[in-house]
Amino acid sequence: DGGITQSPKYLFRKEGQNVTLSCEQNLNHDAMYWYRQDPGQGLRLIYYSQIVNDFQKGDIAEGYSVSREKKESFPLTVTSAQKNPTAFYLCATQYRRATNEKLFFGSGTQLSVL
Amino acid sequence: KQEVTQIPAALSVPEGENLVLNCSFTDSAIYNLQWFRQDPGKGLTSLLLIQSSQREQTSGRLNASLDKSSGRSTLYIAASQPGDSATYLCAVSYYGGSNYKLTFGKGTLLTVNP
């Protein structure tokens, strides 16, 4: 069963806590992305990675961190420095970045603050 | 800076109607334009990708057109069905500054009434 798996589906964060969102893919895609979606807003890019052990900041990277130790995995950590973390987080993959290839998305993680 | 606008923000139609969703972008120097569908609380599903050299793409009851010179794309849905109810987003990929970028519109919420 090929695809992108995001977990958990729902996540709650306490004040001052770091939380990590998981994104795993078995599509053998090189490029992976993290987007944030707020109600009534377009998607905003947090971080992206084109190859293993390399990643770049997107438009709203402050308060977030990522790692890309394996091709299949691109976890996102929401740190305590992110003061407004409540949002829907989407992971996406692409065969190669900057090509005419479709973007594939996971089913998302809803993060809320307790 | 590339801006992507989708009009209308919401649309309600009776079942069986043909309808058009609009997407406009400010910078015509694009690689491609993608149309996505998003169901409530879910990730995005790619519907159609139109490369900058193409004028349109078709898949089943969906037809997307691209007019780069005027900065516009339309998604035509024929014989709409209640199952078509979802939010439809367009996204434009382009070369911004020193990097490949992808900008999303805020989406059109479509409701097809039985």
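Take each residue in A:45-53, count the other chain C-beta atoms within 10 Å of its C-beta, and the mean is 1. Between A:Gln41 and B:Ser69, the modelled labels are 3.7 nm apart [label points 7 Å from Cα along Cα→Cβ]. Electrostatic tally near A:Glu69: other residues with Cβ closer than 14 Å to its Cβ, Lys and Arg +1, Asp and Glu -1, net 0. For chain B, a Kirkwood hydrodynamic radius built from all Cα pairs, placed in the Stokes-Einstein relation at 4 °C and 1.567 mPa s, yields a translational diffusion coefficient of 91 µm²/s.
Which FRET efficiency value, to the nearest 0.05, do you get for A:Leu27 and A:Lys57 by plugging their Cβ-Cβ distance into 1/(1 + (r/R0)^6) with R0 = 22 Å?
0.40
The residues packed around B:Leu89, meaning those with a beta-carbon under 15 Å from its beta-carbon, carry a net charge of +2 if Lys and Arg are +1 and Asp and Glu are -1. Simple point charges give the picture: +1 on the Cβ of Lys and Arg, -1 on the Cβ of Asp and Glu, and for the protein assembly as shown a dipole about the Cα centre of about 340 debye.
Across A:Val66, A:Val78, A:Val52, mean-square fluctuation computed from a Gaussian network of chain A (C-alpha pairs under 10 Å connected) peaks at A:Val52. Cβ-Cβ distance of A:Thr5 and B:Ala10, R₀ of 45 Å, FRET efficiency by 1/(1 + (r/R0)^6): the value works out to about 0.90. When the charge dipole of the protein assembly as shown is built from unit charges on Cβ atoms (+1 for Lys and Arg, -1 for Asp and Glu) and taken about the Cα centre, the candidate among A:Phe74, B:Phe25, A:Gln110 whose Cα reaches farthest toward its positive end is A:Phe74.
With 19 Å as the limit, the listed pairs B:Lys68/B:Lys101; A:Lys57/A:Lys102; A:Lys14/A:Lys70; A:Lys70/A:Lys102 have A:Lys57/A:Lys102; A:Lys14/A:Lys70; A:Lys70/A:Lys102 beyond it between alpha carbons.
Computing FRET efficiency as 1/(1 + (r/R0)^6) for B:Gln54 and B:Ala29, where r is the C-beta to C-beta distance and R0 is 22 Å, gives about 0.90. In plain terms, the residue of B:Thr111, B:Thr5 with the fewest other Cβ atoms within 10 Å comes first and the most crowded comes last, giving B:Thr111, B:Thr5. Taking every alpha-carbon pair within the protein assembly as shown, the share separated by more than 32 Å comes to 19 percent.
Readers should treat all values here as calculations from the given coordinates under stated rules, not as data from a laboratory. Because the structure is predicted, anything quoted here is derived from the model rather than measured. Virtual Cβ from ideal backbone geometry, glycine too; neighbours counted across all protein chains shown.
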